[in-house]
1. With respect to residue 161, determine if the residue is over 30 Å from residue 65 (Cα atoms) and out of contact with any Pro (no Cβ under 6 Å at 6 or more places or on another chain).
2. Those residues that are farther than 14 Å from residue 9 by Cα and part of a helix (DSSP H, G or I), I need them from segment 60-73; list them, please.
3. Tell me which residues, restricted to segment 38-57, are over 24 Å from the mean Cα position of the chain (by Cα) and crowded, with 17+ Cβ neighbours inside 10 Å.
4. Quick check on segment 75-95. Is at least one of its residues of a type in the set (A, V, I, L, M, F, W, C) and surrounded by fewer than 16 Cβ atoms within 10 Å (Cβ to Cβ)?
5. Mind checking which residues of segment 193-235 are among the hydroxyl-bearing types (Ser, Thr, Tyr) and within 25 Å of residue 159 (Cβ to Cβ)?
6. Have a look at 200, 228, 177, 170 and point out the one that is of a type outside the set (Gly, Ala, Ser) and exposed (fewer than 12 other Cβ atoms within 10 Å of the Cβ).
7. Looking at segment 110-136, which of its residues are assigned to a strand (DSSP E or B), surrounded by fewer than 19 Cβ atoms within 10 Å (Cβ to Cβ) and either of a type outside the set (D, E, K, R) or on the phi > 0 side of the Ramachandran plot (or both)?
8. Give 98, 57 a once-over and let me know the one that is within 30 Å of residue 114 (Cβ to Cβ), in a strand (DSSP E or B) and among the aromatic types (Phe, Trp, Tyr).
Amino acid sequence: MQMTEVLLFDTPTSVYIKTNEKLKKNQRVIVSFNDNLELGLVKGNKTIEVEKDIADFIRIASTEDNQKRCENCKYARSLLPDIKQEANRLNLDMKIGFISTNLDRTKIVVNYTADERVDFRELIKVLASKYKTRIEMKQIGNRDESKVIGAIGICGRETCCKSFLSDFDKVSIKMAKNQNLALNPNRINGMCGRLLCCLKYEDEFYEEMQKKMPKISSSVRTPDGTGKVIALDFLKELVTVEFLKHGDEESTEIKTFNLSDISKDKK
């Protein structure tokens, strides 16, 4: 089913709408999702197999809608210290990540992270009484928190989750190993503390190259004889080989060859 993907502001959620209105990418629109008016950003058309997270298109966002969203952001930020204080007072083992509201401010959403289940019923009562509105507690992951708050990655650019990613693909430590990256958390983890999303981007290429390239320490035949593989350059398709010099088992010679110039030693 062809639908238009809309990324909701102030929440790590993509919803899908169907409309006859000609919408442009990065255009701001108002949608109704779960009986709430939300401001979102058009990401483009997408084919989905299952009807999930379907929203109703209301209108293209006006100047007043954008101004209202700015006011809501300021209001939500002003609530954060007080809500954190209340959670601490109740000794709740949770981290309040950020506060958001729907467009007409009939609901306050408290986004939090926690390792275990949290009984926040008392917190909801306190907040509902204080702010005279509906309170929703929403548990999110560390990646979701980074997606909304944003940060600068180790590449020096805004994190992918904040700038363009609408869904999180599965990322595994195997991807880092395939790319011969040092398994240093400071290098392969993002600002959220999880594995870098960008490890996924080139994984298919490295998977294919793993099949083509010889293994480290394996024996290969080269134009200069048989030697042992000591290094690989997947991007340039180069193989570095170590040779034992004739008559001197302790002396070695190292040369680099194109992948097309070597073959596996069948011995």
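Derivation of every value follows stated rules applied to the coordinates shown; laboratory data play no part. Owing to the predicted nature of the structure, the values given are computational and were not obtained by experimental measurement. Virtual Cβ from ideal backbone geometry, glycine too; neighbours counted across all protein chains shown.
1. Numbers: over 30 Å from residue 65 (Cα atoms): no; out of contact with any Pro (no Cβ under 6 Å at 6 or more places or on another chain): yes.
So residue 161 does not fit the description; no.
2. Initial filter on segment 60-73 (farther than 14 Å from residue 9 by Cα): 60, 62-64.
Scanning segment 60-73 gives 63, 64.
3. Of the residues in segment 38-57, the ones over 24 Å from the mean Cα position of the chain (by Cα) are 56-57.
Matches in segment 38-57: 57 only.
4. Initially, segment 75-95 is screened for residues of a type in the set (A, V, I, L, M, F, W, C), giving 76, 79-80, 83, 87, 90, 92, 94.
Still in the running and surrounded by fewer than 16 Cβ atoms within 10 Å (Cβ to Cβ): 80, 90.
So far as segment 75-95 goes, yes, one or more of its residues are of a type in the set (A, V, I, L, M, F, W, C) and surrounded by fewer than 16 Cβ atoms within 10 Å (Cβ to Cβ).
5. 201, 206
6. Details: 200 fails: exposed (fewer than 12 other Cβ atoms within 10 Å of the Cβ); 228 fails: exposed (fewer than 12 other Cβ atoms within 10 Å of the Cβ); 177 fails: exposed (fewer than 12 other Cβ atoms within 10 Å of the Cβ).
Checking each option against the conditions leaves just 170.
7. To start, the set of residues in segment 110-136 that are assigned to a strand (DSSP E or B) comprises 110-113, 134-136.
Filter again for surrounded by fewer than 19 Cβ atoms within 10 Å (Cβ to Cβ), leaving 113, 134, 136.
113 - this is the single residue of segment 110-136 that is assigned to a strand (DSSP E or B), surrounded by fewer than 19 Cβ atoms within 10 Å (Cβ to Cβ) and either of a type outside the set (D, E, K, R) or on the phi > 0 side of the Ramachandran plot (or both).
8. Values: 57 fails: within 30 Å of residue 114 (Cβ to Cβ).
None of the others qualify; the one that does is 98.
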